[in-house]
Amino acid sequence: MTSNRVERGAAVPLALFVLVVLGVLIGSTLWAAHVESRAGHQALQALKARLAAELAWPDVVDRFDSLGVFAMVPGDSLVAGLWAGAGGVTTGVVVHRLGPEFFLVDSEGRAGVSLSRSAQPTFRSQVVARLDSTVDSATGRATVSLRPLTAPFWSGLPRVD
Amino acid sequence: MLTRHGFTLVEAVVAAVLTVFVGALLVSLLLRGQAVIAFERGRMEVQRTLRSGALFASYEWSGLTPGSGDLMALGRSRLQYRGFRGLAASCTWRTDAIIVRYDLRYGVRAWVAGRDSLLVYAVGDSVAGTSPRWEPLPLTGVAAGVCPDGSPGLTLQTIIDPARLPLREVVPGTPVRLFESMESRLYKSQGDWWLGLRSLTGGGSIQPALGPLTANGFELRFRDQAGVPTTDPALVVAMTATFRASTPRPAVLPWGRRPAGSSDSLVVELVSRNAGPVGRGP
C-alpha cells in the first residue's frame, strides 16, 4: 500500500523569522560597537593633534637662534616648522614678531583622519614671549635670549580669519 | 490513493509547544538585546559627556593666570573667572584706544564692548618701581582702524588711566587679551543636572554647557603653589575638577526586570598653563 502524503509546515517561515531577528540583534550590536569605535578613534585623533600642537612650539623656541628669528623685523612672520607625523597628524609652527620685544609662537596640530572634514580635530597653542637683552660688563658683549612673559602667557584660541 | 490534510493531535500539540518555546526564546532575546543596546548607548553618552567635560575644563580654565585676578570666586561646584575670548597684538595706542593688527587676531567670537574687557601687558618701569603685569581695562567700543604702517587694524576703544598704566609701559607689539567675566556652576533644569555657563558681564540666563550630570556631578578642589588645598582665589594655581554622569533611569522590562544602568566619573587635574611648577601637596 502506498500513500502520497502532502505535508505542510512552518519550518521555512519560522527559520526566516529567526534569521531576521538574529540579524537585527547582531546588526544592532555591531552598529553600537562601530559607533563606539569611531568615537574612540576620533578622541584619539584629537589627542594626537593636541599633543602635536603642544610639543611643537617648545622645540621651535629652542631653535630661535638657528632659525634666524631674531633677525625678523616687527610685523614679519616665519614658518618655523611643518611636520607630518605618524597617523597623518600634521603640525605647523609660525613665529610672528609683534614688535621689537615681543614674539608670538603659534602652533597648530591637525589630525589626519576623522569622521568628516568638518569635524577634523585641529588644536592651536600660542605662546607670547619677550626678548631679554643682557650685556656682559667685562666683554661688553650683548646676549639676547627669550624670556617668557610675567606670567608666561599661553592661550589655545583659534585664529580669526 | 490517500491524501491526508491536517495534523494529528499529537503533532499539533508538539508544534504548539515548540512554537511557544521558540517564541518566548526570541522575545527574551529581543528584549535582552534591546536592553544591551540601550545600556551601550547610555554608556557611550556618559563617556562622551565626561570627555567633553575634560575638554571644556582644559580649554576654559587652563589659561588662567594665578594671582592675577583671573579667578574671582570659588565654590565646591561653582567658579567665577575670566573667560578668555581673544588675543591680539597692538600696533599703536593712545589714552582712549588701542589699535591691534587686524591680520593677527585669535578668538572664538567677535569682541563686544561691555561684555568683554581688555588685559594689556605693561612691561614695567624700573625707575618708577613697577613690575611687568597684565593691566585690566574696559572695552568701550570696537571699530575699524589703521596701524601706523598703513595695514588694517582694529580699534579697541578703552579708557587708560595714566596714573595706573603709564603709556611708556606699553610698547609696540604688546599683547592684548580679551576676556569676559564668567560663571560656571552645577544647576538643575527640567529634572536634570547640568554644568551651566553664564556671562556675568554679558547678562542673560545660565545655559547648559555639559550634561546631564548627577546631582553631585561637578566638584572643584583648589590647591596653592605648594599643593596645599586653598579657597583663596589669589593663591590658586591648580585645581581638580570631578565630573560624574549616569545614564537616565532604565525602563522596567516585562516580568519586573530592570536592566543595569551605567554611571562613570572623570577627574581632571588642571595646572594653570601660566603658572610655575606646582607641588603635589600633602
**OP:** Write down the Å³ per residue value for the convex hull defined by the alpha carbon atoms of chain B.
**Re:** 234
Subject >> Summed residue charge, Cβ within 13 Å of A:LEU44's Cβ, Lys/Arg positive, Asp/Glu negative >> reply: +3
**OP:** Please give the contour-minus-distance gain from B:ALA128 to B:THR242: 0.36 nm per residue of separation, less the Cα-Cα distance, rounded to one decimal in nm.
**Re:** 36.6 nm
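Expected output is a single nm value to one decimal: the length gained when fully extending between A:PHE17 and A:ASP62, i.e. 0.36 nm times separation in residues minus the C-alpha distance. What is it?
Stretched fully, the A:PHE17-A:ASP62 segment lengthens by 9.4 nm.
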Original post:
Taking each residue of A:96-104 in turn, how many C-beta atoms of other protein chains fall within 10 Å of its C-beta, and what is the average?
Top reply: 6
**OP:** Would you tally the net charge around B:PRO162, using a Cβ to Cβ cut-off of less than 13 Å, leaving B:PRO162 out, and scoring K and R as +1, D and E as -1?
**Re:** -2
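Can you figure out the FRET efficiency of B:ARG168 with A:THR122, using R₀ = 41 Å and their beta-carbon distance, to the nearest 0.05?
Approximately 0.55, to the nearest 0.05.
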**OP:** Can you give me the P(r) profile for the stretch B:84-180? Cα pairs, bins 5 angstrom wide beginning at 0, each as a whole percent.
**Re:** 3, 14, 27, 26, 18, 8, 3, 0
Original post:
Working out 0.36 nm times the residue gap between B:TYR59 and B:ARG41, then minus their Cα-Cα distance, what length gain in nm do you get to one decimal?
Top reply: 3.8 nm
Subject >> Selection from B:LEU165, B:THR201, B:PRO138 lying farthest towards where the dipole of the stretch B:128-213 points positive, charges on Cβ >> reply: B:THR201
Original post:
Across the stretch B:227-233, in residue order, what do the Karplus-derived ³J(HN,Hα) couplings come to in whole Hz, using 6.51 cos²θ - 1.76 cosθ + 1.60 with θ = phi - 60° and x for Gly and Pro?
Top reply: x, 8, x, 9, 10, 8, x
Original post:
chain B: longest stretch without exposed trypsin sites (Lys or Arg not before Pro) (DSSP loop, at most 15 other Cβ within 10 Å), sites themselves excluded?
Top reply: B:165-256
**OP:** Enter the buried accessible area of the B/A pair, total of both sides, probe 1.4 Å, in Å² rounded to the nearest 100.
**Re:** 4200
Original post:
To the nearest 0.05, what FRET efficiency results for B:ARG32 and B:ALA113 with a Förster distance of 60 Å applied to their C-beta separation?
Top reply: 0.50
Subject >> Ellipticity estimate at 222 nm from DSSP helix runs (n ≥ 4, -39,500 (n - 2.57)) divided over chain B, nearest 500 >> reply: -7000 deg cm²/dmol
Original post:
Dipole of the stretch B:84-180, Cα-centred, from +1 at each Lys and Arg C-beta and -1 at each Asp and Glu C-beta, to the nearest 20 debye?
Top reply: 200
Original post:
Over the stretch B:84-180, what relative contact order in percent results from Cα pairs under 8 Å that are six or more residues apart?
Top reply: 41
Subject >> Mean separation of Cα contacts under 8 Å (6+ apart) over length of chain B, as relative contact order % >> reply: 21
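Can you compute the FRET efficiency between B:ARG48 and A:LEU82 using 1/(1 + (r/R0)^6), with r the Cβ-Cβ distance and R0 = 41 Å? Round to the nearest 0.05.
0.80
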Original post:
Using alpha-carbon pairs under 8 Å, 6+ residues apart, how would you state the relative contact order of the stretch B:1-130 in percent?
Top reply: 10
Subject >> Sequence of B:THR140, B:THR92, B:THR231 from largest to smallest accessible area, 1.4 Å probe >> reply: B:THR231, B:THR140, B:THR92
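The values are calculated or read from the model by the stated rules, or taken from the named source; none is laboratory data. All values reported here derive from a predicted model rather than from experimental measurement. Neighbour counts run over all protein chains shown; Cβ positions are idealised from the backbone, glycine included. Areas reflect the complete protein model, heavy atoms only, side chains present, ligands, DNA and RNA absent. Shrake-Rupley method; radii C 1.70, N 1.55, O 1.52, S 1.80 Å.
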